Amino acid sequence: MIRLFVVENERLRIVDDFEANKDRIVWVDLFSPTKEEDAVIEDWIGVSIPSLEEMEEIEISSRLYVENGAQIMTATLPAHADGDRPKMSPVTFVLAGTRLITVRYHEPRAFQTFPQRAEKVDTGCHSGDTILIGLLEAIVDRLADVSSGQAPRSLPSRTTSSIRPRRRRPSVTAISSWSCAASAARKTSCRRSRTAC
């Protein structure tokens, strides 16, 4: 499934027609994409979209990289953390110019809550980098709820240890391009709206 988002009236809006809107699209959310959907997006941004198998094989030290000018990050995120069977699976974020492409094969809650909020109110997120910041903030908020006990404690020990902060942090060089671009974009768009992205 593919969800396409454009900015309209200072809010995100889902559109159906890729060809008619491809100049306006700021976020493409690929959920269990078909090979045809992958091919369309790969041709559009000039970057290969990883399969689930490729996402699962990426070593922790290789989860941030640049390909053809696009910044790519893969993170392992929980879904269904409120239930008896939470699922941990990778999600890939591709920041290509002013567009964000997300690739996932499960449904972390932030992928439901963030677009719903951004469709209703001006969150200040009007480009790929500011949408990425808003989405990451929604993910962190959800992880904080889970780890603080606001979600049921039925998480298996493997899942719980996966969401605890690790002592070893990524090098500044590995994430500097993400943080510099994101900081600049956030200051510009959030200053005007006076809300967090």
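The values are calculated or read from the model by the stated rules, or taken from the named source; none is laboratory data. Quick caveat: nothing in here was measured; it's all calculated off a predicted structure. In this analysis, Cβ positions are derived from the backbone assuming ideal geometry, glycine residues included, and neighbour counts consider all displayed protein chains.
If the condition is being more than 18 Å from the chain's Cα centre (by Cα), surrounded by 13 or more Cβ atoms within 10 Å (Cβ to Cβ) and closer than 23 Å to residue 118 by Cα, then the stretch 22-62 contributes 22, 24.
Annotation: of all residues in the stretch 19-31 being touching a strand residue (DSSP E or B) at 6+ places or on another chain (Cβ under 6 Å) and free of Cβ contacts under 8 Å to residues at least 24 places away in the same chain, the one that is farthest from residue 125 (Cα to Cα) is 21.
On the stretch given as the stretch 80-102, residues that are touching a residue at least 60 places away in the same chain (Cβ under 8 Å) and assigned to a loop (DSSP other than H, G, I, E, B) total 6. Of all the criteria given as (1) on the phi > 0 side of the Ramachandran plot; (2) not acidic (Asp, Glu); (3) not in a loop (DSSP other than H, G, I, E, B), the one not satisfied by residue 111 is (1).
Given the structure, is residue 19 of a type outside the set (Gly, Ala, Ser) and surrounded by 13 or more Cβ atoms within 10 Å (Cβ to Cβ)? I'd like the intermediate steps shown before the answer.
Numbers: of a type outside the set (Gly, Ala, Ser): yes; surrounded by 13 or more Cβ atoms within 10 Å (Cβ to Cβ): no.
Judged against the criteria, residue 19 is not a match.
Look at the stretch 42-70: where a residue is within 21 Å of residue 128 (Cα to Cα) and at pLDDT 85 or above and a partner is part of a helix (DSSP H, G or I) and not aromatic (Phe, Trp, Tyr), sitting 6+ places away or on another chain with Cβ atoms under 8 Å, you get 48/42; 49/38; 49/41; 49/42; 64/174; 64/175; 66/177; 70/45.
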